[in-house]
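Working notes, structure below.
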Amino acid sequence: MSATGETARPAPGKGQILAVLGLLAAVAILSTHHEGLPFWLGALTGVVAVLGYLVCFDSPRGIWQWFPAGVGFCAAFLFAGQFLIALLA
């Protein structure tokens, strides 16, 4: 515990890892399926993962949390791009 009362969490938590993996899974699904049930399951996975990302990475501490936060941020943009490409195609 630090002087401010906050505990430093150097390693990413389970929720943080699941949010990033969910985003990467959604990008992988949407990059191959542009219609039908797989598309909508990938879109739902991506939306849930984006919400999880916003909740889990509200204030990353240390390089071990900033790295997955950066990967998740890039994956969120990839998800949005894949979703828009599939939706508008």
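Here are the numbers:
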{"quantity": "Residue pairs meeting the criteria (Cβ under 8 Å; at least 6 apart or on separate chains; first more than 18 Å from Phe77 (Cβ to Cβ), in segment 16-38; second β-branched (Val, Ile, Thr))", "calculated": "His34/Ile85; Pro38/Ile29; Pro38/Thr32"}
{"quantity": "Val55 under 14 Å from the mean Cα position of the chain (by Cα) and either open to solvent by less than 80 Å² (accessible area, probe 1.4 Å) or of a type in the set (Gly, Ala, Ser) (or both)", "calculated": "no"}
{"quantity": "Number of positions in segment 48-66 that are closer than 18 Å to Ala25 by Cα and either free of Cβ contacts under 8 Å to residues at least 12 places away in the same chain or acidic (Asp, Glu) (or both)", "calculated": "2"}
{"quantity": "Residue within segment 40-51 that is of a type in the set (Ser, Thr, Tyr) and either modelled with pLDDT under 90 or loosely packed, with under 12 Cβ neighbours inside 10 Å (or both) present", "calculated": "no"}
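The values are calculated or read from the model by the stated rules, or taken from the named source; none is laboratory data. Please read all numbers here as calculations on a predicted model, not as lab measurements. Because the Cβ atoms are built from the backbone with ideal geometry, glycine has one as well, and the counts that use them run over all protein chains shown. Remember, those area values only see protein heavy atoms, side chains included, never the ligands or the DNA or RNA. Shrake-Rupley method; radii C 1.70, N 1.55, O 1.52, S 1.80 Å.
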